[in-house]
Structure formats: C-alpha cells, structure tokens
Amino acid sequence: AIVMVLESTGEKTFKMILDLLKSLWRSSVITMDQMKRGCERVYREIPDINLDVPHSYSVLERFVEECFQAGILSKPLRDLCPSR
C-alpha cells in the first residue's frame, strides 16, 4: 500500500491509503509487527523505487510522518525512515 502512495501523483491516493491503514490498524487487522515489516521492506527498496519515482523519498517521509501522527507507526520506526 505504501508503494502505491509513492507511485501515485495525487493527494487523493495519499489520503485514501492513510485512511485505509488507520482503519485496518484500529480494527486490529494489521498488527504492529506487520506494519514494522512492511515499512522496513519499503525502506530497503526505496533506492530502487526512487529510480522510477523521483520524488519518492520526500513522499515517503511525509507519509511516514502522517502515519506516526495518526498513531499507526512507532517513533523508532518513523526514525528509521530513509531521507535524502
């Protein structure tokens, strides 16, 4: 889902995926471990994603911060987010 946000060009997808993750988090469909593993995978792949999507680092930073503010991500996981 995070990769969809990185590949999209509009705010609509950003907000929809954020709302989806919030909903799945609140209903316990997604666990902390699943969020951690998913984010770590994207963090590892961001250099390759950036080749195809030039602004992916800044979009990822913003999305991770929004997830942190929404209570979906922990501070340590937010702090691991790669930046440029």
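The values are calculated or read from the model by the stated rules, or taken from the named source; none is laboratory data. Predicted model, so just to flag it, every value in this text is computed and none were measured. Don't worry about glycine lacking a Cβ; one is built from the backbone with ideal geometry, like all the others, and counts go over all protein chains shown.
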(Q) Restricting to region 67-83, name every residue that is part of a helix (DSSP H, G or I) and either buried (at least 18 other Cβ atoms within 10 Å of the Cβ) or among the hydrophobic types (A, V, I, L, M, F, W, C) (or both). (A) Cys67, Phe68, Leu77
(Q) List the residue pairs whose Cβ atoms are under 7 Å apart, where the first residue sits in region 60-84 and is touching a residue at least 12 places away in the same chain (Cβ under 8 Å), the second is surrounded by 13 or more Cβ atoms within 10 Å (Cβ to Cβ) and assigned to a loop (DSSP other than H, G, I, E, B), and the two are 6 or more positions apart or on different chains. (A) Leu60/Cys81; Glu61/Cys81; Val64/Leu73; Val64/Cys81; Cys67/Leu73
Q.
Need pairs with beta-carbon distance below 6 Å; first residue over 14 Å from Ser56 (Cβ atoms) and of a type in the set (A, V, I, L, M, F, W, C) and within region 1-17, second surrounded by 18 or more Cβ atoms within 10 Å (Cβ to Cβ) and at pLDDT 90 or above; sequence gap 6+ or separate chains.
A. Ala1/Ile17
Q) Are there any pairs with C-beta distances below 9 angstrom linking a residue in region 19-41 that is under 15 Å from Ser74 (Cβ atoms) and without any contact (Cβ under 8 Å) to a residue 24 or more places away in the chain to a residue that is surrounded by 12 or more Cβ atoms within 10 Å (Cβ to Cβ) and of a type in the set (A, V, I, L, M), with the two at least 6 apart or on different chains, and if so which? A) Ile30/Leu21; Ile30/Leu24; Ile30/Ile72
Q. For the subset of region 6-43 comprising residues that are surrounded by 13 or more Cβ atoms within 10 Å (Cβ to Cβ) and of a type in the set (S, T, N, Q), which member is farthest from Cys67 (Cα to Cα)?
A. Ser8
Q. Taking Leu6, is it assigned to a helix (DSSP H, G or I), aliphatic (A, V, I, L, M), touching a Pro at 6+ places or on another chain (Cβ under 9 Å) and modelled with pLDDT under 95?
A. no
